[in-house]
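Here is the structure we will look at.
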Amino acid sequence: MDYIVLDLEWNQSPRGKAGERFGLPFEIIEIGAVRLDESRTVCGRFQEMIRPSVYRQFHYKTKEILHMDMGELRAARSFQEVVEDFFAWCGEDYIMCTWGSMDLTELQRNLKYFRVKNPMKKPLLYYDVQKLFSLLYEDGRSRRSLKDAVEYLEIEEDIPFHRALDDTLYTAKIMERMDMDAVRQYVSVDYFRLPEREEEELHMVFDRYAKDVFRVFATKERAMEDREVLSTKCYRCGRRLRKKVRWFPSGGRNYLCLAYCPDHGYMKGKLRLKKAERGGVFAVKTLKLISEEDAVEIRLKKKELEKKRRTRAKQKTSG
C-alpha cells in the first residue's frame with residue numbers, strides 16, 4: 001500500500017466571516033501531493049493550482065502567506081477537473097497522510113459544495129503525521145508546526161514553506177526519518193462523514209489508549225444518556241469497570257471520569273461531544289491507563305469544580 005502525502009492551500013472571503021459562503025468557509029486553490037512506496041521513497045508527485053469560482057479575490061492572510069498571483073489562478077482549471085484527476089492519480093490502494101487534520105476536512109467540504117462524488121473510504125482512516133511526530137519525539141499531546149519539526153530533525157530547508165507541493169515534500173522527508181513500525185497502529189479518524197448507525201461506530205484499541213467514535217445523536221442530552229457512550233472497559237483485558245469518579249464536565253463539551261481495573265490499575269476516561277456537520281452531536285471517547293498520581297489529579301479536579309459550583313450557587317442565592 002502506498003502513502004499519499006497531501007497538502008492543500010485555500011482562500012477565504014476577503015471580508016472574512018462576513019462574506020463567507022454557506023458550506024464553504026475555505027475554497028481550495030492548490031493541491032499538492034507526493035506518493036511514497038512502502039519503504040517511504042518518493043515515487044510520484046501531483047501539483048496543480050485551481051481556478052477559484054467563489055472567492056475571486058485574496059484574503060489578506062492568504063496573499064501574505066502564499067505569495068500567489070491571482071492571474072495564475074484565473075488561468076487554472078476548475079476544482080472539479082483537478083480533483084477528479086487527483087483521485088485518478090491516487091489509484092486504489094493507498095492511505096492519506098497529512099500534517100494535522102484540517103486538509104481532509106476541507107477537501108471533503110469542497111467535494112460536497114461542488115457536488116463532486118467523494119471516492120474516499122468511510123470511515124476515512126489516515127495518518128496525521130503531526131500527531132505521529134509527537135508520539136515519537138515528544139509527549140504525544142503537543143503539536144509542532146511543520147517548520148519546527150523540520151528544524152527539530154535538522155532537515156535541510158532547501159525549498160520554501162507554505163506551498164502545497166513543497167510542504168508535502170517536507171512532510172515526506174519527516175516520514176522517511178520516522179520509525180513507522182513504532183506508530184503504524186495509530187491511525188486517525190476523519191470526522192467529516194460520521195457513523196449513522198450503531199453498527200457503523202468505531203471501536204479502536206492501541207497500545208497506549210482506546211478510542212470509540214459514536215454515531216450522531218440529536219442532542220447532547222441524548223448522547224449523555226447512551227449506555228455505551230458512558231461505559232468504561234479496560235482495553236487490556238476487556239473487563240467492564242466500575243467508576244471511581246463518575247463523568248463530570250471538564251470545560252466546554254468535554255467530560256472526564258476515573259475507573260479502576262483490578263488487574264491493570266486506574267483508567268482515565270475522556271469524552272468529547274462535537275457538533276456534527278449536518279446537525280446534532282457525536283461523541284468521541286478515549287480511555288487510557290494512568291498512574292495513581294494522575295488519578296489523584298482527576299479527583300482533585302472534580303472537587304475543585306464542585307467547590308466552584310457551590311460558590312456560584314451561594315452568590316446567586318445571596319444576590
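In a residue-by-residue description of region 267-289, the property of being farther than 23 Å from residue 189 by Cα and either out of contact with any Asp or Glu (no Cβ under 6 Å at 6 or more places or on another chain) or surrounded by 14 or more Cβ atoms within 10 Å (Cβ to Cβ) (or both) applies to no position. Of the set (1) surrounded by fewer than 14 Cβ atoms within 10 Å (Cβ to Cβ); (2) at pLDDT 95 or above, all apply to residue 171 but (1). Kindly indicate the residue of region 10-27 that is assigned to a strand (DSSP E or B) and touching a Ser or Thr at 6+ places or on another chain (Cβ under 8 Å) and also most open to solvent (accessible area, probe 1.4 Å) among those meeting that condition. Only one residue tops the list, namely 21.
Inspect all residues belonging to region 243-251 and state whether any of them is assigned to a strand (DSSP E or B) and more than 22 Å from residue 289 (Cβ to Cβ). Within region 243-251, one or more residues are assigned to a strand (DSSP E or B) and more than 22 Å from residue 289 (Cβ to Cβ). Only one entry of 34, 54 meets the criterion of being over 23 Å from the mean Cα position of the chain (by Cα), surrounded by 14 or more Cβ atoms within 10 Å (Cβ to Cβ) and not small (Gly, Ala, Ser), and that entry is 54. Taking the criterion of being in contact (Cβ under 8 Å) with a residue 24 or more places away in the chain and under 30 Å from residue 179 (Cβ atoms), would at least one residue in region 10-32 satisfy it? Within region 10-32, one or more residues are in contact (Cβ under 8 Å) with a residue 24 or more places away in the chain and under 30 Å from residue 179 (Cβ atoms).
Going residue by residue through region 218-225, is there one that turns out to be open to solvent by less than 20 Å² (accessible area, probe 1.4 Å), in contact with a strand residue (DSSP E or B) (Cβ under 6 Å, 6 or more places away or on another chain) and under 16 Å from residue 295 (Cβ atoms)? Before you say what the answer is, go through the steps one by one.
To start, the set of residues in region 218-225 that are open to solvent by less than 20 Å² (accessible area, probe 1.4 Å) comprises 223.
Applying the additional criterion that residues be in contact with a strand residue (DSSP E or B) (Cβ under 6 Å, 6 or more places away or on another chain) yields 223.
When the remaining residues are screened for being under 16 Å from residue 295 (Cβ atoms), the result is none.
No, that holds for no residue.
Of all residues in region 272-295, those that are closer than 15 Å to residue 230 by Cβ and small (Gly, Ala, Ser) have Cβ atoms under 8 Å from Cβ atoms of residues that are part of a helix (DSSP H, G or I) and open to solvent by less than 60 Å² (accessible area, probe 1.4 Å), 6 or more apart or on another chain, in 283/223; 283/229.
Here are 163, 193, 184: which of them is more than 18 Å from residue 284 (Cα to Cα), basic (Lys, Arg) and either in contact with a strand residue (DSSP E or B) (Cβ under 8 Å, 6 or more places away or on another chain) or touching a residue at least 40 places away in the same chain (Cβ under 8 Å) (or both)?
Numbers: 193 fails: more than 18 Å from residue 284 (Cα to Cα); 184 fails: either in contact with a strand residue (DSSP E or B) (Cβ under 8 Å, 6 or more places away or on another chain) or touching a residue at least 40 places away in the same chain (Cβ under 8 Å) (or both).
Of the residues listed, the single one that is more than 18 Å from residue 284 (Cα to Cα), basic (Lys, Arg) and either in contact with a strand residue (DSSP E or B) (Cβ under 8 Å, 6 or more places away or on another chain) or touching a residue at least 40 places away in the same chain (Cβ under 8 Å) (or both) is 163.
The values are calculated or read from the model by the stated rules, or taken from the named source; none is laboratory data. Quick caveat: nothing in here was measured; it's all calculated off a predicted structure. Glycine also receives a Cβ, built like all others from the backbone with ideal geometry; neighbour counts cover every protein chain displayed. The area values use the complete protein model at the heavy-atom level, side chains included, leaving out ligands, DNA and RNA. Shrake-Rupley method; radii C 1.70, N 1.55, O 1.52, S 1.80 Å.
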